[in-house]
Amino acid sequence: MARLRRRYRHPFLTETIEVNDNRVLNGMVVTFLYSAPKIYDPKPNVFVLNYTKDLLYGINLNYLPTSQVNDLIRRVIPIAGPVTENRVQANSRYGRFEMSSRYTPSAVDGKFLWDRVKINQKIKEAHRTYKRSNMTAVEIRNIDFTQLGVVPDEN
């Protein structure tokens, strides 16, 4: 796999919200400190596709330019609509894409979504797997959908 060198920041990812790492849901964007050998991005912003007991599978948005992220989001919205919620009882409401989770059963899971959004090489290269044992200081990155021109559902 090609090694990505540039890291991007995205203005639609606003404040961080503290959360216990056991409360992360598919469809969130999370950030955390990651310590493992030979890593390039020690504080990724990851769009969570699947969160298991041991691993987090997702797309590291830091590796994608804004145009690619906007294209990714345009493909995600018709499949997994945007919502603003607080199902995990965090300190405040947060935005996420409504995917299958322990609170919201759905036919849209991480594999289903990934098969529909891996549209180009850059997005494929931004796909990552993280060991939860190497993750600390997990926080939700709130998605400001209004900056993306989208009105989310309220849950």
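At-a-glance table
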| item | result |
| --- | --- |
| Region 73-119, residues that are of a type in the set (Asp, Glu), over 14 Å from the mean Cα position of the chain (by Cα) and crowded, with 16+ Cβ neighbours inside 10 Å | Glu85 |
| Checklist (1) in contact with a helix residue (DSSP H, G or I) (Cβ under 8 Å, 6 or more places away or on another chain); (2) in contact (Cβ under 8 Å) with a residue 12 or more places away in the chain; (3) farther than 16 Å from Val30 by Cβ applied to Lys118, failing item | (2) |
| Single residue of region 19-45 satisfying the filter (in a strand (DSSP E or B) and either at pLDDT below 90 or in contact with a Phe, Trp or Tyr (Cβ under 7 Å, 6 or more places away or on another chain) (or both)) that is nearest to Ile79 (Cα to Cα) | Val29 |
| Enumerated strands (runs of 3 or more DSSP E) restricted to region 84-155, each holding at least 1 residues that are among the aromatic types (Phe, Trp, Tyr), under 20 Å from Val19 (Cα atoms) and in contact with a Gly (Cβ under 8 Å, 6 or more places away or on another chain) | 94-97, 127-131 |
| Unmet criterion (only one of (1) of a type in the set (S, T, N, Q); (2) out of contact with any Ser or Thr (no Cβ under 7 Å at 6 or more places or on another chain); (3) modelled with pLDDT of 90 or more; (4) closer than 21 Å to Asn62 by Cα) for Ser92 | (4) |
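The values are calculated or read from the model by the stated rules, or taken from the named source; none is laboratory data. Computed from a predicted model, the values in this text were never measured in an experiment. Reconstructed Cβ throughout: ideal geometry from the backbone, glycine too, with neighbour counts over all protein chains shown.
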